[in-house]
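Here, each number is a calculation from the coordinates, and none is a lab measurement. Predicted model, so just to flag it, every value in this text is computed and none were measured. Cβ atoms come from the backbone with ideal geometry, glycine included; neighbour counts cover every protein chain shown.
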Amino acid sequence: MEMITRMVNDKAVVIFSKSTCCLSHSIMSLIRNFGANPIVYELDEMTNGIQIERELLQLGCQPSVPAVFIGQQFIGGSKRIMTLHLRNELGPMLK
């Protein structure tokens, strides 16, 4: 988890993704529509992507991507982000 902590440190919004994941793409688009500029880590394009994915699974990310961090806090995956959006709670979190 130390690696993930370093990767999200001092960043407002971080998304762990895979370039082939359509849910990741949808969540990135949704978050960008709120005006946020997330840092995106494409795990399938990183040499240590498998290790990071293992850490995400240990954090409770099921499935491992997309995994969204806002204000250095793990918020959740696509289901959690969509729930927050439908409750009109995502926008305020991103501002």
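Summing +1 for each Lys or Arg and -1 for each Asp or Glu among the other residues whose beta-carbon sits under 13 angstrom from that of K18 gives -4.
What the phi angles of region 48-64 give under the Karplus curve with 6.51, -1.76 and 1.60, with θ = phi - 60°, is a coupling list of 9, x, 5, 5, 5, 4, 4, 5, 4, 5, 5, 6, x, 6, 10, x, 5 Hz, glycine and proline written as x. The stretch between T47 and I75, if pulled fully straight at 0.36 nm per residue, gains 7.6 nm over its current Cα-Cα span. Across region 2-94, C-alpha contacts under 8 Å between residues 6 or more apart give a mean separation that, scaled by the residue count, equals a relative contact order of 34 percent. Treating r as the C-beta distance of N33 and Q62 and R0 as 30 Å, the FRET efficiency rounds to 0.75. A Stokes-Einstein calculation at 10 °C with viscosity 1.306 mPa s, built on the Kirkwood radius of region 1-88 over Cα pairs, returns a diffusion coefficient of 124 µm²/s.
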